[in-house]
Amino acid sequence: MTSERLSLLVASLRASFLVFESMRVHLKFQQERYFLLLADIITTDSPKVTYDHKEAALGKLLKVFTQ
């Protein structure tokens with residue numbers, strides 16, 4: 001179950017990243033909200049969010065800022 005959720009999270013993060021990368025000029029507000037959502041995932045203390053989920057979110061956030 002957890003691995004399925006992680007796979008789904010990683011796939012959705014990848015898709016979101018590609019959409020924002022290709023339409024950056026038109027989706028500035030949405031991209032800002034996306035960054036806030038990733039930050040919330042990374043900093044949450046909820047037991048529902050595993051370390052792997054946090055690591056996936058942080059990886060996408062770092063990829064955005066290192067390109």
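Taken together, the values in this text are just the output of simple stated rules run on the coordinates, not laboratory data. Predicted, not measured: the structure shown is a model, and the values here were computed from it. In this analysis, Cβ positions are derived from the backbone assuming ideal geometry, glycine residues included, and neighbour counts consider all displayed protein chains.
Values for this structure:
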{"read-out": "Enumeration of residues in the range 38-49 that are surrounded by fewer than 12 Cβ atoms within 10 Å (Cβ to Cβ) and either within 14 Å of Ser16 (Cβ to Cβ) or of a type in the set (Lys, Arg) (or both)", "value": "Lys48"}
{"read-out": "Residues of the range 46-57 satisfying the condition of being in a helix (DSSP H, G or I), in contact with a helix residue (DSSP H, G or I) (Cβ under 8 Å, 6 or more places away or on another chain) and either closer than 17 Å to Gln31 by Cβ or not aliphatic (A, V, I, L, M) (or both)", "value": "Asp52, His53, Lys54, Ala57"}
{"read-out": "Hits in the range 13-36 - residues which are exposed (fewer than 12 other Cβ atoms within 10 Å of the Cβ) and in a helix (DSSP H, G or I)", "value": "Ala15, Leu18, Ser22, Lys28, Phe29, Glu32, Arg33, Leu36"}
{"read-out": "Residue satisfying all of: in the range 56-67; over 9 Å from the mean Cα position of the chain (by Cα) and either surrounded by 14 or more Cβ atoms within 10 Å (Cβ to Cβ) or among the aromatic types (Phe, Trp, Tyr) (or both); farthest from Ser16 (Cα to Cα) among these", "value": "Phe65"}
